[in-house]
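Quick notes on the structure that follows.
The values are calculated or read from the model by the stated rules, or taken from the named source; none is laboratory data. This is a predicted model, so every value here is computed, not measured. Heads up, the Cβs are rebuilt from the backbone with ideal geometry, glycines too, and the neighbour counts pull from every protein chain shown. The area values use the complete protein model at the heavy-atom level, side chains included, leaving out ligands, DNA and RNA. Shrake-Rupley method; radii C 1.70, N 1.55, O 1.52, S 1.80 Å.
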Amino acid sequence: MRIELEDTTKLAFFQNLYNEAHSATEQMYEKLTQHLEQYKGSPKIDGSNTDATQVRNITYELIESQVTSYIPNPAVNAKMFSEKNERNAKSIETLLRNKRDELPFEKLNDMDERFNPIYGGSVWLIEWDNSIMTHNTVGDTKISCLSPSKFTGQPNIYDIKDMEYCFIEFETTKDDIVRKYGVAPTIADETESDENADDKTATLYVCYYKNDKDKVCQYIWSADTQLSDIEDYYARKRYICKKCGKRKELCTCEKPVFELQNEEYEELDRDIVLSDGTILPAMSEVIEDGQVVMETIKQQAIDAQTGSVVLEDINGVMLPKMIDVQVPKMEKTKLPFYTPNILPIVIRKNTSEENNLLGQSDCEFIRPQQQAINKLESRIVEKLIGSGVFPIVPEDFSGEIDNSLWKRVFKSKQSNHKLFGRLDLQVDISRDIMQSDRLYDQAKRILGITDSYQGQYDSSAQSGRAKQIQVQQAAGRLDSKRQMKNAAYAEIDQIIFQYYLAYADEPRPAAYQDAQGRRQNCMFNRYDFLERDDAGEWYYNDEYLFSADASIDIEKSRETLWQENRSNFQQGAYGDPQQLETLLIFWQNMESTHYPFAHDNVERIKMLIEKQQLMLQLQQENANLKTEVDNRTGYEEYLQQLLNSKGGINNGGQQ
């Protein structure tokens with residue numbers, strides 16, 4: 001994106017750009033507001049100034065019935081197979097699985113599951129935050145799930161990857177502005193907040209855009225106050241003194257003047273041990289045009305036969321003979337810093353729609369049914385309130401009549417008591433109820449939701465298996481939404497991986513469970529992904545494929561997995577059910593699916609197997625001893641027979 005500042009400031013340029021983009025999509029934001037009001041049970045009737053008096057919120061019911069706690073498991077594969085690439089793919093996958101537990105994905109997923117059917121999509125912002133520190137590490141990923149109403153994209157561009165710029169809007173405190181952006185409190189006070197917020201908060205506008213060099217940049221402002229302007233947002237930055245040219249940490253000038261510059265590479269000052277045990281040397285050969293550059297150095301001559309140093313007479317002194325030797329020219333290993341080149345935003349779509357940045361909203365498709373049901377329910381209430389029992393009294397009756405029940409007693413003579421009576425005006429609402437239920441069924445069919453999927457009674461399912469099949473069929477119709485969720489999480493995982501390649505200077509530990517159910521540790525080391533091409537250039541290999549694990553969500557289907565595991569065990573899929581090794585496999589599988597007390601059973605069976613192996617070892621040792629004793633006894637008998645056959649020995653002499 002080209003930034004042209006003819007007669008305007010950079011702040012005014014981005015403010016105008018935001019206003020133009022927001023105005024171009026004003027109709028979309030009106031729809032988003034309409035969808036949210038519908039979800040919350042708005043009584044508004046389209047095309048009428050009169051609101052509904054009764055709302056049956058089928059929109060809320062049908063959206064909530066689709067909410068799932070399913071969080072896709074990461075799956076990573078290398079584009080080109082090699083042992084190193086497979087090992088690296090495993091470390092990435094383990095790191096991402098740990099991130100699922102470390103980051104608040106449960107809370108984010110809960111919001112995401114409602115944003116998508118309401119708005120048609122959700123916006124994920126993935127950032128690297130250097131303020132997240134531990135004793136051994138600096139920096140980590142920070143993920144936010146935002147409402148689409150807080151996002152403004154480039155008009156007429158319907159894929160975030162194709163956008164030249166986009167905007168994020170969010171609320172924060174003025175104290176946080178001072179801490180995060182390093183501005184003075186007086187500047188933070190000049191920011192403005194949302195109409196519904198107090199004077200201690202501010203509304204920030206963040207623009208991510210690509211410059212002429214296709215580098216991602218960031219510009220942040222609030223009201224008429226610029227807070228941050230970062231060219232090449234992903235590049236590492238360092239402060240350099242303009243006077244001495246040294247880094248801020250090494251500068252000794254009395255009045256230094258620093259400027260922020262990009263840091264393109266790092267020089268190794270020590271050898272680095274990689275995860276596979278190989279060494280990344282601090283000194284590397286110089287390679288030009290694909291050839292190792294050689295240089296001539298003086299070296300002591302060595303006798304090829306004796307291996308001793310060759311000496312020569314120089315002015316009567318025997319000194320080692322020096323000869324010219326060609327050796328590779330060495331230099332400090334310079335490693336380029338990895339730089340991501342994608343916008344830090346992922347948009348998850350509900351279901352795809354042509355020429356739409358977001359997906360299709362469930363609210364939009366069932367709005368006609370929701371509106372009609374609101375009218376019918378209001379009509380039913382109006383009928384019930386307007387109907388009733390009206391009293392009949394004589395013309396000369398002088399008492400008071402009201403709507404109270406069983407509260408008043410009227411005195412009348414026996415001669416005229418028959419003049420008192422009632423008029424019962426009953427109304428028929430059965431057809432209104434039938435039509436309301438009919439519209440409700442239509443809305444469910446539009447979204448592909450059945451009674452079985454909602455857990456309600458369904459007379460068409462006569463058995464548990466039939467009910468299960470119906471639920472699976474309903475889930476199949478909703479599988480498109482699940483696939484879009486998997487695709488969004490795969491994009492999030494790819495951005496997290498690129499952040500760790502770029503900024504995780506320290507190896508990051510990650511834990512996993514091996515095939516025997518034991519907890520193991522591995523390390524994610526960004527140096528493991530370094531490669532060197534034929535021209536001698538170092539680069540980071542980021543050619544990995546990200547997807548969601550096709551296996552079902554364990555947390556969602558534990559009982560199903562327990563049942564399948566028992567069935568496999570009983571049918572002998574793991575081996576003879578009477579063997580301890582088979583029992584161990586069974587309980588290890590149960591432990592991996594978090595069955596109660598499974599870990600205790602695994603440890604108990606391991607102890608039994610160890611005792612069994614010890615007993616077998618003792619039995620084998622006893623058998624070996626018995627065999628050795630038998631052999632010795634037989635040998636002794638053989639010697640005795642041999643001596644007896646030769647006449648024996650008498651008093652130490654031979655007879």
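Structure notes:
- The single residue among ASN116, ASN136, ASN130 that is over 30 Å from PHE365 (Cβ atoms) and touching a strand residue (DSSP E or B) at 6+ places or on another chain (Cβ under 7 Å) turns out to be ASN130.
- Members of region 339-380 that are small (Gly, Ala, Ser) and crowded, with 22+ Cβ neighbours inside 10 Å: GLY359, SER361
- Among (1) surrounded by fewer than 18 Cβ atoms within 10 Å (Cβ to Cβ); (2) closer than 30 Å to THR450 by Cβ; (3) touching a residue at least 24 places away in the same chain (Cβ under 8 Å), the one test that ILE63 misses: (1)
- Subset of region 349-370 (residues that are out of contact with any Gly (no Cβ under 9 Å at 6 or more places or on another chain) and either among the acidic types (Asp, Glu) or closer than 12 Å to THR59 by Cβ (or both)): GLU354, PHE365, ILE366, ARG367, PRO368, GLN369, GLN370
- Qualifying residue in region 333-351 (condition: within 17 Å of THR152 (Cβ to Cβ), touching a Cys at 6+ places or on another chain (Cβ under 7 Å) and not basic (Lys, Arg)): yes
- Considering (1) open to solvent by less than 40 Å² (accessible area, probe 1.4 Å); (2) at pLDDT 85 or above; (3) over 24 Å from GLN498 (Cβ atoms), the lone condition that ALA598 does not fulfil carries the number (2).
- The set of residues in region 91-113 being closer than 20 Å to GLN38 by Cβ and crowded, with 18+ Cβ neighbours inside 10 Å consists of ASP112, GLU113.
- Check on TRP124, open to solvent by 30 Å² or more (accessible area, probe 1.4 Å), under 15 Å from the mean Cα position of the chain (by Cα) and of a type in the set (A, V, I, L, M, F, W, C): no
- Just so you know, in region 197-223 the residues that are aromatic (Phe, Trp, Tyr) and touching a helix residue (DSSP H, G or I) at 6+ places or on another chain (Cβ under 8 Å) include one that is surrounded by the most Cβ atoms within 10 Å (Cβ to Cβ), and it is TYR219.
- Residues of region 76-90 that are small (Gly, Ala, Ser) and open to solvent by 20 Å² or more (accessible area, probe 1.4 Å): SER82 alone.
- Scan region 311-340 for residues that are modelled with pLDDT under 85 and part of a loop (DSSP other than H, G, I, E, B) and the total you get is 3.
- When residues in region 522-548 are screened for being open to solvent by less than 20 Å² (accessible area, probe 1.4 Å) and either of a type in the set (Gly, Ala, Ser) or over 18 Å from ARG87 (Cβ atoms) (or both), 1 of them pass.
- Qualifying residues in region 189-202 (those that are of a type in the set (S, T, N, Q) and assigned to a loop (DSSP other than H, G, I, E, B)) - the one modelled with the lowest pLDDT: ASN196
- Among residues of region 571-584 that are free of Cβ contacts under 8 Å to residues at least 60 places away in the same chain and open to solvent by less than 50 Å² (accessible area, probe 1.4 Å), those with a Cβ under 7 angstrom from a residue that is assigned to a helix (DSSP H, G or I) and of a type outside the set (A, V, I, L, M), sequence gap 6+ or separate chain, pair up as GLY575/GLU581; GLY575/THR582; PRO577/PHE569; PRO577/GLN570; LEU580/GLN612; LEU584/LYS606.
- Subset of region 19-34 [part of a helix (DSSP H, G or I) and either open to solvent by less than 30 Å² (accessible area, probe 1.4 Å) or within 29 Å of ALA372 (Cα to Cα) (or both)]: ALA21, GLU26, GLN27, MET28, TYR29, GLU30, LYS31, LEU32, THR33, GLN34
- For THR186: the one exception among (1) surrounded by 15 or more Cβ atoms within 10 Å (Cβ to Cβ); (2) hydroxyl-bearing (Ser, Thr, Tyr); (3) modelled with pLDDT under 80: (1)
- Of all residues in region 244-268 being touching a residue at least 60 places away in the same chain (Cβ under 8 Å) and over 32 Å from the mean Cα position of the chain (by Cα), the one that is most open to solvent (accessible area, probe 1.4 Å): GLU267
- Residues of region 145-162 classified as more than 17 Å from SER122 (Cα to Cα) and out of contact with any helix residue (DSSP H, G or I) (no Cβ under 7 Å at 6 or more places or on another chain), total: 2
- Region 35-56 - residue that is on the phi < 0 side of the Ramachandran plot and without any contact (Cβ under 8 Å) to a residue 24 or more places away in the chain and, of those, least open to solvent (accessible area, probe 1.4 Å): SER42
- A count restricted to region 269-315 and to residues that are touching a residue at least 24 places away in the same chain (Cβ under 8 Å), touching a Lys or Arg at 6+ places or on another chain (Cβ under 9 Å) and β-branched (Val, Ile, Thr) stands at 4.
- Test for ILE168: is it in contact (Cβ under 8 Å) with a residue 60 or more places away in the chain, outside any helix (DSSP H, G or I), surrounded by 15 or more Cβ atoms within 10 Å (Cβ to Cβ) and touching a Ser or Thr at 6+ places or on another chain (Cβ under 9 Å): yes
- Test: SER387 is over 34 Å from the mean Cα position of the chain (by Cα), open to solvent by 30 Å² or more (accessible area, probe 1.4 Å) and modelled with pLDDT under 90: yes
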